[in-house]
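The structure under discussion appears below in the form of structure tokens.
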């Protein structure tokens, strides 16, 4: 299975830099079996059935992009930092420029937020902040900006609107540095309308890491090593999902993050409560244990997420779906349109 098997040409003008407004007005490609139709996210109320269960990722994106000043004696120099993941007594982070940063340096991000460079590798830093817990969260919220994906950040900087747009309406547990973007299409009105027709919901948590944007660098995709992300399926969520499945309802994760987590927790064949880091890699040939369908956005060429879609729908069907999306000018990636994929 070659990396080049998952490549396609994407016109740059189809990369969305702002989401649809309102959220649920985005377009929806419905692929059910071999049929493809063009809908809107609002139409989910006529597509889902009573007893279907949507699995939502309730992670909360932190404002992980920081601009600071390196303190070098009486001199200072600007530095851009992107937090990647919590680490013992601090955070692992990317930095620009990285080469000139020295161990022990102090970086001042705001009057009440600073960090010491306590470790450094060829690729990243370990930062020990002057605040922890709720105090750190509050200071970070004041100083940081939303960590927009590279393909958006290359076109425009994050702004105040992204604080709303790049966060789901059900975000609860802080820790992600990228949004579970399929979930961005849901607003409270749509969630209420779905609930009123008998659609069920279960919440899980997977803190999406910056590794979600890392390219696959091996030609034999089966040798690719996934980045690990921390997740949790609570006993309550496991009970809700298992009950819906037993009653004949479809289990439909909203987003690849929710899918990866519940399939991690169901590798034994039964979904169980689960907590920890997952590096599950889903590509064609994968045996799904709990997932019946998937709602997701349109993904990067040669990405592990496109491989996941191909595992669920089959490679040839996925190629037809993406050819249709390109021909119909769907908007791609994090702020783009959605697809509902039902094998």
Study note, to complete from the structure: Subset of the stretch 268-282, residues at pLDDT 95 or above, over 19 Å from the mean Cα position of the chain (by Cα) and farther than 15 Å from residue 206 by Cα, comes to 271, 272
Review point. Do we have residue 306 as in contact with a strand residue (DSSP E or B) (Cβ under 6 Å, 6 or more places away or on another chain), on the phi < 0 side of the Ramachandran plot, modelled with pLDDT of 95 or more and not in a loop (DSSP other than H, G, I, E, B) here?
Key: no
Check your understanding: In the stretch 19-40, how many are out of contact with any helix residue (DSSP H, G or I) (no Cβ under 8 Å at 6 or more places or on another chain) and farther than 26 Å from residue 161 by Cβ?
Key -> 5
Exercise for review: Could you check, for the stretch 21-34, whether at least one of its residues is assigned by TED's automatic domain parsing to the domain that holds residue 282, in a loop (DSSP other than H, G, I, E, B), within 24 Å of the chain's Cα centre (by Cα) and crowded, with 16+ Cβ neighbours inside 10 Å?
Suggested key: yes
**Study point:** Those residues of the stretch 41-56 which are surrounded by fewer than 16 Cβ atoms within 10 Å (Cβ to Cβ) and either in contact with a helix residue (DSSP H, G or I) (Cβ under 8 Å, 6 or more places away or on another chain) or in a strand (DSSP E or B) (or both), in sequence order
**Key:** 45, 51
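Residue-by-condition table, conditions (1) more than 27 Å from the chain's Cα centre (by Cα); (2) touching a residue at least 60 places away in the same chain (Cβ under 8 Å); (3) crowded, with 16+ Cβ neighbours inside 10 Å:
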site	(1), (2), (3)
70	yes, no, yes
76	yes, no, no
96	no, no, no
102	yes, no, no
111	yes, no, no
Study note, to complete from the structure: Scanning the stretch 212-250 residue by residue, the ones that are in a helix (DSSP H, G or I), more than 22 Å from residue 3 (Cα to Cα) and out of contact with any strand residue (DSSP E or B) (no Cβ under 7 Å at 6 or more places or on another chain) total 7
Check your understanding: Does residue 319 qualify as being outside any loop (DSSP other than H, G, I, E, B) and either within 26 Å of residue 194 (Cα to Cα) or not assigned by TED's automatic domain parsing to the domain that holds residue 32 (or both)?
Key -> no
Check your understanding: Wholly within the stretch 109-198, which helices (runs of 4 or more DSSP H) include no fewer than the required count, namely at least 1 residues that are touching a helix residue (DSSP H, G or I) at 6+ places or on another chain (Cβ under 6 Å) and at pLDDT 95 or above?
Key -> 188-196
Check your understanding: Does residue 253 qualify as being in a strand (DSSP E or B), in contact with a strand residue (DSSP E or B) (Cβ under 6 Å, 6 or more places away or on another chain) and either buried (at least 23 other Cβ atoms within 10 Å of the Cβ) or not assigned by TED's automatic domain parsing to the domain that holds residue 330 (or both)?
Key -> yes
Practice item. Scan the stretch 315-331 and give yes if some residue there is surrounded by 19 or more Cβ atoms within 10 Å (Cβ to Cβ) and within 25 Å of residue 270 (Cβ to Cβ), otherwise no. Key: no
Review point. Residue 203: over 24 Å from residue 10 (Cα atoms) and within 16 Å of the chain's Cα centre (by Cα), yes or no?
Key: yes
Practice item. Please work out which one of (1) in contact with a helix residue (DSSP H, G or I) (Cβ under 9 Å, 6 or more places away or on another chain); (2) surrounded by fewer than 21 Cβ atoms within 10 Å (Cβ to Cβ); (3) more than 30 Å from residue 105 (Cα to Cα) is the condition residue 213 fails and give its number. Key: (3)
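The values are calculated or read from the model by the stated rules, or taken from the named source; none is laboratory data. Fair warning: this is a prediction, and the values are worked out from it, not measured in the lab. So basically every Cβ, Gly included, is an ideal-geometry build from the backbone, and we count neighbours across all protein chains shown.
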